[in-house]
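**Student:** Supplied in structure tokens, the structure appears directly below.
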Amino acid sequence: MRKPKPKYKHDCEACTYLGTITYPSPLADGTAPFSNADLYYCGRRKDIMEGTLVARHSSDGPDYSSVPVSIVGSLLGNKEMATRTPALIAAYYFAKAKGLVDG
């Protein structure tokens, strides 16, 4: 069985690759076109914010979104989501399944 590989370049050695997803990304106009994201858990700052979840949307350096694990709960169940929120929520569940975050 082949090990899944990221779709996009990501240069943080502290990150653990969680997987790649295709997800509906909601826009202000009410549409939700599909987007791709490589998901990561970064334990670099685990001491102060339980680590960070990262969704990389391309190989372009600044094209990612991130959130501290400690505030993911505020994203769950929120009907008004930012375009990249679904990818970060998925990253939380992937990291939880791998035992990287508590909760």
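The values are calculated or read from the model by the stated rules, or taken from the named source; none is laboratory data. Quick caveat, the model's predicted, so the values are computed rather than measured. Note that we place each Cβ from the backbone using ideal geometry, even for glycine, and neighbour counts take in every protein chain shown.
**Student:** Would you mind telling me which numbered condition in (1) among the charged types (D, E, K, R); (2) in a loop (DSSP other than H, G, I, E, B); (3) buried (at least 16 other Cβ atoms within 10 Å of the Cβ) Asp38 fails?
**Tutor:** (2)
**Student:** So how many residues does region 12-48 have that are in contact (Cβ under 8 Å) with a residue 12 or more places away in the chain and of a type in the set (Asp, Glu)?
**Tutor:** Looking only at that region, the number is 1.
**Student:** May I pose another question? Pick from Asp47, Asp102, Asp29: which is surrounded by fewer than 16 Cβ atoms within 10 Å (Cβ to Cβ), outside any loop (DSSP other than H, G, I, E, B) and modelled with pLDDT under 90? Let's see the steps before the verdict.
**Tutor:** Values: Asp102 fails: outside any loop (DSSP other than H, G, I, E, B); Asp29 fails: outside any loop (DSSP other than H, G, I, E, B).
Selected residue: Asp47, the only one of Asp47, Asp102, Asp29 that is surrounded by fewer than 16 Cβ atoms within 10 Å (Cβ to Cβ), outside any loop (DSSP other than H, G, I, E, B) and modelled with pLDDT under 90.
**Student:** Quick check on my filter: what residues within region 1-45 are under 19 Å from Val69 (Cα atoms) and among the aromatic types (Phe, Trp, Tyr)?
**Tutor:** Correct list: Tyr17, Tyr40, Tyr41.
**Student:** Which residues, counting only those in region 1-26, are at pLDDT 90 or above and among the hydroxyl-bearing types (Ser, Thr, Tyr)?
**Tutor:** Tyr8, Thr16, Tyr17, Thr20, Thr22
**Student:** Looking at (1) under 20 Å from Ser25 (Cβ atoms); (2) modelled with pLDDT of 85 or more, can you tell me which one Pro68 breaks?
**Tutor:** (1)
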